[in-house]
2 protein chains.
Amino acid sequence: MPERIAVFDNDGTLWAEQPMYFQLLFAVDRVKALAPQHPEWASQEPFASLLKGNLKEALAGGEPAIMQIVMTTHAGMTTEEFDQIVRDWTSSAKHPKTGQLYTKMVYQPMLEVLTYLRANGFKTYIASGGGIDFMCVFSEEVYGIPPEQVIGSSGKAKFEMRDGTPLLMRLAEINFIDDKAGKPVGIHQHIGRRPIAAFGNSDGDLQMLQWTCSPPGPRFCLFVRHTDADR
Amino acid sequence: MPERIAVFDNDGTLWAEQPMYFQLLFAVDRVKALAPQHPEWASQEPFASLLKGNLKEALAGGEPAIMQIVMTTHAGMTTEEFDQIVRDWTSSAKHPKTGQLYTKMVYQPMLEVLTYLRANGFKTYIASGGGIDFMCVFSEEVYGIPPEQVIGSSGKAKFEMRDGTPLLMRLAEINFIDDKAGKPVGIHQHIGRRPIAAFGNSDGDLQMLQWTCSPPGPRFCLFVRHTDADR
């Protein structure tokens, strides 16, 4: 019998809200929190626009602008410090329209699928373009998926001894982008075998779905088209 | 209660035989198997010495020579083809002295520790300097550790469509070296939290042991000094 392993994209498939990414909101809030220590940001893009609340203008610089925001807010601290920052944010930040914690705004049909699969002996994984360390903080509480079953994008980290204490410093350098053709690679490196079920909702999931559902053996792939905005 | 996660180095801690590494023996046998397609190897190091059975001379080139042997024998095929090659080899190659399959030459006291920990609710992982895809093939059968609980060194891989079939090609490029200061980083990226127990046997395990056994909480680290050769 093939091993019962199922992988789920996280943006959209598991969150109810699209296309404003949860992790980008986190980064924006972090820029605001860090701004007092960076007076130069008042006149430096993409930070200047972000601080004025103009997200669209801030992201006009495309991928380099996004990378600058991500690296500024996700690197330069230890892994444990970052965990705590994410934990504090997810337990307090609320969606502007619903007033709910983001961690309560999960796409209910997918949670039911997760529960159903686990009740039938499946090991369930997240395979997301989002940051692995970001998701690990709340994956168990929100999806019932433990940190070791989260696959995602990552920055490099470096082992250091600081005053006799070993720690991992988060570096401002990309390690792996778990999106598009990267998803099957990330899944392979993390799980070491091909899943038999995959759930996605965007072009970034195409290769994961192709790879999971190629023969041999019984396989299942689902592509979700959200219509939440219409409801 | 801290999560019950334990990590084990694989060379030495889990294998009985040292310091001739299992995976290097695999690579040597692969060079011999591939030699008929590479007549140029007869006069090209490190292959020429390897083919004459002179391993010491072949490895005299140090890390570049080892990398050349590893890349030649571990890349240029799909992940599924590589799995099959490793499976064929581990089910037939025997130790020259004992006449046993290598997969039967496992360090028994460590197997007992693995069993004991699992019986007490621990999730057990391999954290090895060896190749992750190499170990994944036999980790479940040999150690009772499924592929998704294996952490190791890796090469890069690339998603491709070949005649309509999606596959992962193994590239001749290092992705990650899971040794020394790399071990805590590999464990963090794979598990997403710090283990509470670690077992090692060489200098390559030092940082993993330091990181695992730093406060807070109850923690256990074991460093094994083999004396098999004397028995």
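Taking (1) within 14 Å of chain B (Cβ to nearest Cβ); (2) at pLDDT 95 or above in turn, A:HIS38 satisfies each apart from (1). Condition check: part of a helix (DSSP H, G or I) and either of a type outside the set (D, E, K, R) or under 19 Å from the mean Cα position of the chain (by Cα) (or both). Does A:GLY62 satisfy that? Yes, satisfied. Scanning region A:178-210 for residues that are at the interface with chain B (Cβ under 10 Å from one of its Cβ atoms), small (Gly, Ala, Ser), over 20 Å from A:PHE122 (Cα atoms) and not in a helix (DSSP H, G or I) yields a count of 1. For region B:157-177, filtered to residues that are of a type in the set (A, V, I, L, M, F, W, C) and closer than 26 Å to B:GLY200 by Cα, the residue that is nearest to the other protein chains (Cβ to nearest Cβ) is B:PHE176.
All of A:MET110, A:MET135 fail the test of being within 14 Å of chain B (Cβ to nearest Cβ), buried (at least 20 other Cβ atoms within 10 Å of the Cβ) and at pLDDT below 95, apart from A:MET135. Considering region B:141-156, and only residues there that are of a type in the set (Gly, Ala, Ser) and surrounded by fewer than 22 Cβ atoms within 10 Å (Cβ to Cβ), the residue that is farthest from the other protein chains (Cβ to nearest Cβ) turns out to be B:GLY144.
Quick test for you: out of A:PHE220, A:PHE159, A:PHE199, A:PHE122, pick the one residue that is surrounded by fewer than 15 Cβ atoms within 10 Å (Cβ to Cβ), out of contact with any Cys (no Cβ under 7 Å at 6 or more places or on another chain) and at pLDDT 95 or above.
Working: A:PHE159 fails: surrounded by fewer than 15 Cβ atoms within 10 Å (Cβ to Cβ); A:PHE199 fails: surrounded by fewer than 15 Cβ atoms within 10 Å (Cβ to Cβ); A:PHE122 fails: surrounded by fewer than 15 Cβ atoms within 10 Å (Cβ to Cβ).
Answer to the check: A:PHE220.
Which condition from (1) touching an Asp or Glu at 6+ places or on another chain (Cβ under 9 Å); (2) modelled with pLDDT under 95 is the one that B:ARG225 breaks? It is condition (1) that B:ARG225 fails. Screening B:THR73 on (1) polar (S, T, N, Q); (2) at pLDDT 95 or above; (3) loosely packed, with under 14 Cβ neighbours inside 10 Å shows it passes everything except condition (3). For region A:89-121, a residue qualifies if it is assigned to a helix (DSSP H, G or I) and charged (D, E, K, R), and the qualifying residues are A:LYS104, A:GLU112, A:ARG118.
Against the conditions (1) under 18 Å from A:GLU3 (Cα atoms); (2) buried (at least 19 other Cβ atoms within 10 Å of the Cβ); (3) at the interface with chain B (Cβ under 8 Å from one of its Cβ atoms), where does A:SER214 fall short? Just the number, please. Evaluating A:SER214 over (1) under 18 Å from A:GLU3 (Cα atoms); (2) buried (at least 19 other Cβ atoms within 10 Å of the Cβ); (3) at the interface with chain B (Cβ under 8 Å from one of its Cβ atoms) leaves (2) as the failure.
Residues of region B:122-146 that are closer than 24 Å to B:LEU24 by Cβ and outside any helix (DSSP H, G or I): B:TYR125, B:ILE126, B:ALA127, B:SER128, B:GLY129, B:GLY130, B:GLY131, B:VAL137, B:PHE138, B:ILE145.
Being more than 13 Å from the chain's Cα centre (by Cα) and in contact (Cβ under 8 Å) with a residue 40 or more places away in the chain is the filter; apply it to region A:119-141 and report the residue that is nearest to A:PHE199 (Cα to Cα). Before the answer, list the steps.
The initial filter retains those residues of region A:119-141 that are more than 13 Å from the chain's Cα centre (by Cα), namely A:119-124, A:140-141.
Next, only the ones that are in contact (Cβ under 8 Å) with a residue 40 or more places away in the chain stay: A:120-124.
Values: A:ASN120: 17, A:GLY121: 17, A:PHE122: 14, A:LYS123: 14, A:THR124: 11 Å.
For region A:119-141, the residue satisfying everything is A:THR124.
So for region A:19-31 (the condition being of a type in the set (Lys, Arg) and surrounded by fewer than 18 Cβ atoms within 10 Å (Cβ to Cβ)), does at least one residue qualify?
no
Of the residues in region A:149-169, at least one is touching a residue at least 24 places away in the same chain (Cβ under 8 Å) and not in a strand (DSSP E or B).
Close contacts from region A:172-183, counting a first residue that is under 13 Å from A:LYS158 (Cα atoms) and a second that is surrounded by fewer than 16 Cβ atoms within 10 Å (Cβ to Cβ) and aliphatic (A, V, I, L, M), with Cβ to Cβ under 8 Å and a gap of 6+ residues or different chains, come to A:ILE174/A:MET67. Evaluating A:LYS183 against the criteria (1) buried (at least 20 other Cβ atoms within 10 Å of the Cβ); (2) touching a Pro at 6+ places or on another chain (Cβ under 8 Å); (3) charged (D, E, K, R) leaves one unmet condition, (2).
Report yes if A:MET67 is buried (at least 20 other Cβ atoms within 10 Å of the Cβ) and part of a helix (DSSP H, G or I), otherwise no. Here the answer is no, as A:MET67 does not meet what is asked.
The values are calculated or read from the model by the stated rules, or taken from the named source; none is laboratory data. The model shown is predicted, which means the values in this text are computed figures rather than measured ones. All Cβ positions, even for glycine, are placed from backbone atoms using ideal geometry, and neighbour counts span all protein chains on display.
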